[in-house]
Amino acid sequence: MALCLHSLPGAALAQPITALNDRTPVVDVSAASLMWIDTDGQAGIEELTGKQRREAFAPSRAGTIYALGHQAALWQHYRFAKSAESRQDWMLEFPQPLLDRVTVYQQGKPAGSWTSQTAGDTVAVASWPEPGRYGQFQLNLPDTGVHDVYVRIQNVARLSVPAMVSTQSHQGQRLQIEYLAIGVVFGALLLLIVTSLAQSWVYRDRAYCWYALYASVLTLLMAAWTGVAGHLLWSQSSMWNDLAPGVLGILAGGAALLVIHHLCGVDSRHQWFEPVMHTLGMAGLPLALAYVLIEHNIGIPMIGIYLSAVVLAGLSRAWLTWQRRDVIGLWVLAAFTPMALATLLLAASFAGLVPVTWLSRYGLMAGLTIEVPLLLVALNLRSRERHSVEARAQALSSHDALTGLLAAHIFQDRFKQIVARAQRYREPAAVVYIELVNYRYIKKNWGTAVAEQSLLRSVIKLRRILRDIDTVGRIDEARFGLILEGVTSRAPVTEMAARLIAAGLMPLKGLKPEVVLQFHVAGVLLSERMDGHVEIARALSDLILHMGPRSRRPIRFLEPELTHPMPLEIDSAFDDAEDAEDADDGENTAAAQAPFRVVK
């Protein structure tokens, strides 16, 4: 059996003793032990406590990074002495949630007998002596004498092993504070996830649903890396407890790239980067599956390389997006940078490049807390932009592209509805057709640009004299249609038409050429005509067409229909006389229902 010796001759004589006193409830013992590495991992506690083996131990140093691999085991030897005034029970803790396996040996009451307790990722948390986020063991200190404690640690990845001793009461209070902080973070993340799902349902936008899925993976990842998931979610599974941090880390990295790729949009100047981002993001799924099947000594470096590539690609994409003056890039960069730094620090601690510290343990949670809401802000901004584009695209099908008024088919639908309401419920309304008479003359003499400008000026003048509730549409090249609800007489229509005609005859100051606008107006009160909307529209068009270009009556109305009341009852005593009168009435009624001819 090969031994790896990390000590100078006589180092075993310098065995430190840690004094435990209630006045100092927390003691860092990372450098208060002797250490020895068993490269074969075959040494047992009985063999290790022999004099020959004890002389092989060397003083340990805080922050030392150990590369144990699959077989080797790190042994630590602690000596504790509880003061006579101490009334507290003491706990030995290893605040590293991702430690594979740690076993603590203590002497029982019979002299020379050793008892062991085991915790770690490869052991179901439910079977730990003190279930929690990381390994913690109660010290057996029955008296004030010196007590020996041996610790055997196994871990495939390179890491440093923090260790501390605290009173049981202080540890319980500290754990409550830690779980309170973690609970607040998890509560905020769950609220954001629920909010994203609600927005996905309200806006019918699947991007929010994918973001909720990404945030859920990140939340599970944080739960796994902080030990909360192993303690509360899958405490009965030792295999998944060991695999979850790596699998979820790869999936979260791939999902992060896909989210960034979606938020940053298409970059026409760096098109080669698009397939790289997409391929690298989609590679997370097969790599996560591969991590389950391969050995950890290969899988852990693979995670470090993949996450480093994800960080580099994500930051580069956000930077390029910001460089093209897209504010989304700035939001993504602000969100992803803290998470990227925390991920790199954690990957570096896995690779044994830096020792495990408080920042490496909780930096991921801090980065996640910053990233998720900022990415949601970026998603809201991007979604708003896309919805506005879709709204404009939909508006093109319902509104005239030049004037912004309702398209002809939409106006005809409104026309049909208002006529139906007028016939059924006697709701007062007026329909008006307005023709820009000199449009073709302007187009012929000054060109299409000036003619279109004249249409826009006409719309501006119309908007100034209409109410907000009035409906206006462009129903022909130079013809507009108005629906004026609540109008019971011709006076308001005449006043509106007169104002429009007067405004058209006043040329715009500084306009070159000085073009005036000449309007002809044809209107009808729906209370005066009970025809269908097609007949009314045809009659209004005919009325405008029959107006001369220089007509002195540019405002005209369709005349009301003339009807006679039908007799309510017929006297049977005068059948012959009534038959003759009915024949005469039929002729009169037919004449009254004939189309009314408008005098020019």
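The values are calculated or read from the model by the stated rules, or taken from the named source; none is laboratory data. All of these numbers come straight from a predicted model, not from anything done at the bench. Backbone-built Cβ (ideal geometry, glycine too); neighbour counts: all protein chains shown. Just so you know, the surface numbers come from the protein's heavy atoms only, side chains and all, with ligands and any DNA or RNA stripped out. Shrake-Rupley method; radii C 1.70, N 1.55, O 1.52, S 1.80 Å.
Numbers at a glance
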quantity	calculated
Filter result for the condition that a residue is in contact with a Phe, Trp or Tyr (Cβ under 8 Å, 6 or more places away or on another chain) and farther than 19 Å from HIS262 by Cα, over LEU293, LEU333, LEU287, LEU381	LEU287
Residues of segment 224-262 that turn out to be β-branched (Val, Ile, Thr), open to solvent by 10 Å² or more (accessible area, probe 1.4 Å) and in contact with a Phe, Trp or Tyr (Cβ under 7 Å, 6 or more places away or on another chain), as a count	2
Among the residues listed as VAL165, VAL184, the single one being open to solvent by 40 Å² or more (accessible area, probe 1.4 Å) and hydrophobic (A, V, I, L, M, F, W, C)	VAL184
Where a residue in segment 54-70 is within 21 Å of GLU295 (Cβ to Cβ) and its partner, wherever it lies, is open to solvent by 70 Å² or more (accessible area, probe 1.4 Å) and assigned to a loop (DSSP other than H, G, I, E, B), with Cβ under 9 Å and at least six apart	ILE65/LEU353; HIS70/GLU295
Segment 1-24: number of residues that are open to solvent by 40 Å² or more (accessible area, probe 1.4 Å), modelled with pLDDT of 85 or more and more than 24 Å from THR115 (Cβ to Cβ)	3
Failed item in (1) β-branched (Val, Ile, Thr); (2) buried (at least 18 other Cβ atoms within 10 Å of the Cβ); (3) under 19 Å from the mean Cα position of the chain (by Cα); (4) farther than 20 Å from LEU213 by Cα, with VAL372 passing the rest	(4)
Out of PHE480, PHE574, sole residue that is hydrophobic (A, V, I, L, M, F, W, C) and at pLDDT 80 or above	PHE480
Every pair of residues 6+ apart whose Cβ atoms lie under 6 Å, when the first sits in segment 536-554 and is farther than 15 Å from ASN438 by Cα while the second is open to solvent by 30 Å² or more (accessible area, probe 1.4 Å) and of a type in the set (A, V, I, L, M, F, W, C)	LEU543/VAL598
